[in-house]
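The values are calculated or read from the model by the stated rules, or taken from the named source; none is laboratory data. Nothing here was measured: the structure is a model prediction, and the numbers come from that model. Cβ placement follows ideal geometry from the backbone for every residue including glycine, while neighbour counts extend to all protein chains displayed. To get the accessible areas, we keep the full protein, side chains included, count just its heavy atoms, and leave off ligands, DNA and RNA. Shrake-Rupley method; radii C 1.70, N 1.55, O 1.52, S 1.80 Å.
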Amino acid sequence: METTMSTKAKNGLGVVSIVIMIWTLIPLLWIIATSLKSTAALADPSQNLFGNFWPKHISWDNYKLIFSGGASDLFLPALWHSIVVCVVSTFISVVLATFCAYAISRLNFPGKKLILTTSLAVSFFPVIAMVTPLFNLWRQIGLFDTIPGLIIPYLALTLPLSIWILSAFFQQIPWEMEQAAQVDGATSWQAFIKVIAPLAAPGVFTTAIIAFFTAWNDFVFSSNLTAQSAQTVPAALNFFTGASQFVQPTGAICAAAVVVTIPVVILVLVFQKRIVAGLTSGAVKG
Amino acid sequence: MSSIELKHIVKKYGDGFPAVNDVNLDIKDGEFVILVGPSGCGKSTLLRMIVGLEDITSGELDIDGKRVNDLAPRDRNLAMVFQNYALYPHLTVYENIAFPLRLQKGKHSDAEIDQKVRQASDMLELDEHLQRKPGNLSGGQRQRVAMGRAIVREADAFLFDEPLSNLDAKLRGQMRTEIARMQRRLGITTIYVTHDQTEAMTLGDRVCVLKRGVLQQVASPRELYEQPVNLFVAGFIGSPPMNFLPARVDGNRLKLPFVDVPVDGELAEKVKGKDVVIVGLRPEHLKDSTVETAPEHSVKFNAVVDQTEWLGNEQYAYIPYEADGAVRKQLEDLDRDLDGEGLRTQMIVNLDPRSRVIEGDEARLAFDPAAMHVFDPHTGANLTRDDDKAAQIAAESEKLRKAALARAHKREVEQAEKSA
Ligand SMILES: Nc1ncnc2c1ncn2[C@@H]1O[C@H](COP(=O)(O)OP(=O)(O)O)[C@@H](O)[C@H]1O
Ligand SMILES: [Mg+2]
C-alpha cells in the first residue's frame, strides 16, 4: 500500500479534520460552559466572556442542585436506573450475542442466513413505531415502569447489531486455531475459552461499547415506557424544573448532561486500545 | 510410539463424491510415511481423519490395534503441524509450546513444564524468542514454534500437513533436513503430507501416492522411481518428469516418434495384440552419444533440439514431437491428473553438462531399451514392472530404515551417557 502522502494532501486533511473537530466540540463546550453559569449569568450576557460563551465567575450551583439540591430527587434515582439498566442490558446482550455469533460463524445449519438478515432488518426498525404497541403491552402485563421493562427493548435494539458485528469478528478467526487447540488436547469449551475468546476480545469490547451507548443514550423508550421507578437520565432531564416556576432549568439540565457524558468518555478512553483490531496478526503464515 | 492402521477408509463429503476412497495402509511404529499427490487428491482429508478433525464415512482406523474412529482429537494423543501453523497469536512462544502441557491438568508441575519447553526450544533453537509473540517472528521461526508445540508433549505420532509450503526454497531445504533429523532422533511414527515429490522422495521411508482419493502405490522412494506400478506414479515421481512417448506396436518392434526399438522375450509377449502403447523414458536415460559412451545394445537416433538449459551441474534439452492421435487423449488426461498446463508435447533430455549441443542443432542421442517403461494405454498399468526386483528394493529399504533408527538411538544413548 502507498503510505507516503504528498504534503499538500496531508495539510488538506489536517485542515478538514480541525474543522470537523471544532464543529463537534463547540456544542459540547457550550453545554459545559452553560452548566457552569449561575442563574444570573444565564440571563445576563454582560457577565460572560467571548460573547455570552464562558462565565466570568464559575459557579457550581447547577451541580449542587442536581446532586443535593431540589433536582436531586429526580436526578440521582435516574442516574442509578441508567447505570443498572445499561450495565445489565449490555452484559446480557454481549453474552447472548457471543454465543449466537459463534454458532453462526462455525456451524452450518438451515436458517443461518435468515437469522443474519432478520437481525440486520430488525436493527433498521424505526424505534418510535415500536413504542406505542410496547406501551400498551407493558401496561397490561405489568412491565410498565420497571427495570426489565426497559432492558427487554434495549436488548431487542442491541442484540441484532451485536450479533452482526461479532459474527464478522468470529469469521476472521481461522478455524484452524480451534482445531489446533483440540488436537493439543482441549475440549471444545477449553478451545473456546483459551483461544477463541481472547482472540475475539476486541470484537467483544467493541460490541459492548456500542450496546452500552445505545442504551445509555436512549430517550424514546425511557420517556414512554417509564414514569418514576425506572426512569433513566435522558428522560428525567425532561422533567427538571428550575428553582422557581419562572426560572428555566437550563443550567441544571446542562450539568446533568455533562455528568452523564463522563462515563462515555471514560469508557472510550479506557477501551480505545482494545478496540483496535488486528490482534490475530501472526496467527498464520506471514 | 505407535502403529497406525487404516482399513478401507472412505470419506464422502456432503456432495457424495468420495474425497478418499477405500484406503488401506499399515504404518509401522517409528516409520516416516509420506502422503503425496497433486492438490485436491485427498491427502489433507486423510490426515484430518487420522487426527480426528474429520469424521470417517466408513472403514476402520486403528492406533496400536485399538479402534479410534469415534474418539475426539484430544483422546487420540497425536500431534499435528498445520499448513499455516495455527499458532496462538495472543500467547508468547513459550506459552504456545507449553499449551498442550498445560491442558493435561495435574499431569505436569510448573517446573516440569518449564523443563520440557526449554528442552524443545533448545532443540529447535528458539531460546532467544521464547518471550516474543508469533506475530513478530519470521516464517521459519513460526514453523519451528509449531514443531515445538508438537514435540513437547510426547505424542504417539506426528502428523504434518504441508508444513514447508509457506517457506521460501532455501529455508524449505533446511527445514526438510531438520525434520528428517528430528524424526530419526525421536523415532516417532510420522505421517507427512505434501504435494511436492522432492519432499516425498527425500523424507519418506515409504511414500503413498494418491490420485483422486485412491491409493496408487505404497513403496520406498527408490521403488517408486524404478518400479512404478502405473502411468500416474511414473509421471508424478521424478523431476524433471518421465517422458511419455506414444509407440505403435509392429510385430517385434516399437515405433517411437524418433526411432524404432526392437523388443523381445517377455515384453514382446505382453505388447502382442496391442495397437499402441505408451513408452516412458526418464530424461537421464537419454545420452548424448558424442560425449558419453552409451550402454551396450543402445538404440541411437538423431533429433533436432529446440531449447537447452545449462545449470552448471546438469543440462536439459527440449525436443518437441507430435503425439500420436491414438494415445493423445490418454496423455492429455494424464497431464491434467498431474496438474499439468496442457502445453505442447516435448521430450526432455538430461544431457551431460559437457555436451556442446546448442539450440537448433541435431543431437546424436542414445538410450538402452532396458531402461524403458512400457505402459498399457488404457489401464495405465506398467507392463515392464519387475515384481521380484521391487520386492528386493523394498527389503533393502526396510533394512536401511531399521539401521538408521538404531544408529540414531545409539547416538542418543551415547549423548546421554556423555552428559551424565
Ligand atoms: N469441507 C469440504 N466439503 C466438501 N468437499 C471438500 C471439503 N474439504 C475438501 N473437499 C474436497 O475433497 C477433495 C480433497 O481435498 P483435500 O483433502 O483438501 O486435498 P489435498 O489436501 O490433497 O489438496 C477435494 O476435491 C476437495 O474439493
Ligand atoms: Mg491439503
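Residues B:61, B:383 ordered from highest to lowest accessible area at a 1.4 Å probe: B:383, B:61. Scaled against the 2.2 N^0.38 Å expected of a compact globular protein of N residues, the Cα radius of gyration of the protein assembly as shown reads 1.40.
In this structure, the amide hydrogen of residue B:217, modeled 1.01 Å from its nitrogen in the peptide plane, lies closer than 5 angstrom to those of B:209, counting only residues at least 5 positions away or on a different chain. Whats the longest run of chain B with zero GluC sites (Glu not before Pro) that are DSSP loop and have at most 12 other Cβ atoms within 10 Å? Longest run free of exposed loop sites: B:126-295. Suppose a student asked you for the relative contact order of chain B, using Cα pairs under 8 Å spaced at least 6 residues apart; what percent would you report? Reported relative contact order: 16 percent. Helix B:110-123 and the longest principal axis of the Cα set of chain B meet at an angle near 30°.
As a test of understanding, state the convex hull volume per residue of the range B:147-207 from its alpha carbons, in Å³.
Value for the range B:147-207: 83 Å³ per residue.
Using C-alpha pairs below 8 Å separated by at least 6 residues, the relative contact order for the range A:1-59 is 25 percent. For residue B:192, the residues whose amide H sits under 5 Å from its own are B:33, B:34, B:35, B:160, ignoring neighbours fewer than 5 places away on the same chain, with H placed 1.01 Å from N. In this view, the solvent-accessible surface of residue B:328, computed with a 1.4 Å probe and all protein chains in place, comes to about 100 Å². Each eigenvalue of the Cα gyration tensor of the range A:1-59, multiplied by 5 and square-rooted, gives one semi-axis; in descending order these are 39, 10, 7 Å. Kindly provide log₁₀ I(q)/I(0) values, in the same order as q = 0.14 Å⁻¹, from the Debye equation applied to equal alpha-carbon scatterers of the range B:4-226. Computed log10 I(q)/I(0) values: -0.88. Using bins of 10 Å that start at zero, the share of Cα-Cα pairs per bin across the range A:192-270 amounts to 16, 33, 28, 15, 6, 2, 0, in whole %. The order of A:189, A:175 by accessible area, most exposed first and with a 1.4 Å probe, is A:189, A:175. About the centre of its Cα atoms, the protein assembly as shown shows a dipole size close to 2440 debye [charges on the beta carbon of Lys, Arg (+1) and Asp, Glu (-1) only; nearest 20 debye].
Relative to the 2.2 N^0.38 Å rule of thumb, the range A:99-143 has a C-alpha radius of gyration ratio of 1.64. Straight-distance candidates among the lysines for linking to residue B:272, with alpha-carbon spacing under 18 Å and chain neighbours fewer than 8 residues away dropped: B:255. Cut-off under 19 Å on the C-alpha distance; same-chain residues fewer than 8 positions from residue A:194 excluded. Which aspartates and glutamates are left, in chain and number order? Result set, ordered by chain and number: A:176, A:178, A:184, B:75, B:95, B:110.
Kirkwood Rh, chain A, all Cα pairs: how many Å?
22.3
Counting only Cβ charges, +1 for Lys and Arg and -1 for Asp and Glu, the dipole size of the range A:68-282 around its Cα centre is about 260 debye. Shown here is the pair-distance distribution of the range B:239-287: with all Cα-Cα distances grouped in 10 Å bins from zero up to the longest one, the shares run 26, 51, 21, 1 percent. Take the convex hull of the alpha carbons in the range B:231-385; its mean projected area over all directions comes to 8.8 nm².
Other protein chain C-beta atoms within 10 Å of residue C-beta, averaged over B:98-107: 3.
In plain terms, if you count all Cα to Cα distances in the range A:1-150 and split them into 10 Å steps from zero, the share in each step is 8, 16, 20, 24, 21, 9, 2 percent.
Value of Rg to Rh for chain B, rounded to two decimals, is 1.03; Kirkwood radius and Rg both from alpha-carbon coordinates. When you restrict to C-alpha pairs under 8 Å that are six or more residues apart and normalise by the size of the range B:72-176, the relative contact order lands at 46 percent. Percentage of Cα-Cα pair distances in the range B:112-235 greater than 22 Å, rounded to whole percent? Beyond 22 Å sits 43 percent of the P(r) for the range B:112-235. Largest first, the residues A:253, B:348 sort by 1.4 Å accessible area into A:253, B:348.
Quick one: compute a quarter of the convex hull surface over the Cα atoms of the range B:308-420 and quote it in nm². Intermediate values should be presented prior to the final figure.
Details: hull surface 51.3 nm².
Over every viewing direction, the Cα hull of the range B:308-420 projects on average to 12.8 nm².
For chain A, the longest principal axis of the Cα atoms and the long axis of helix A:250-275 meet at an angle of about 20 degrees. Using only the alpha-carbon atoms, how far is helix A:112-122 inclined from the longest principal axis of chain A? Give it as 0 to 90 degrees, nearest 10. Orientation of helix A:112-122: about 10 degrees from the principal axis. Gyration tensor over the Cα atoms of the range B:187-283: the corresponding equivalent ellipsoid has semi-axes (square roots of 5 times the eigenvalues, largest first) of 32, 13, 11 Å. Calculated over the range A:122-197, the projected area of the Cα convex hull averaged across directions stands at 7.0 nm². For the cross-link pairs B:274/B:389; B:66/B:399; B:11/B:43; B:28/B:402; B:287/B:389, which exceed 18 Å when the distance is taken from alpha carbon to alpha carbon? Too far apart for the 18 Å limit: B:274/B:389; B:66/B:399; B:287/B:389. Over all Cα atoms in the range A:88-247, the spread is summed up by Rg and Dmax: 19.7, 74 Å.
Can you tally the net charge around residue A:232? Count Lys and Arg as +1, Asp and Glu as -1, for every other residue whose Cβ sits under 15 Å from the Cβ of residue A:232. Working shown, then result.
On the way: positive: none; negative: A:145, A:218.
Value of the local net charge: -2.
Within the full protein context, the accessible area of residue A:187 is estimated at about 40 Å² for a probe radius of 1.4 Å. Using alpha carbon centroids, what distance separates the range B:169-205 and the range A:139-169, in Å? Answer, in whole Å: 56. Counting other Cβ atoms within 10 Å, keep those with at most 13, restrict to DSSP loop, and tell me which chymotrypsin sites (Phe, Trp or Tyr not before Pro) in the range A:73-145 are left. Hits after loop and neighbour filter: A:124. Only protein heavy atoms count here; on that basis, with a 1.4 Å probe, residue B:107 has an accessible area of about 130 Å².
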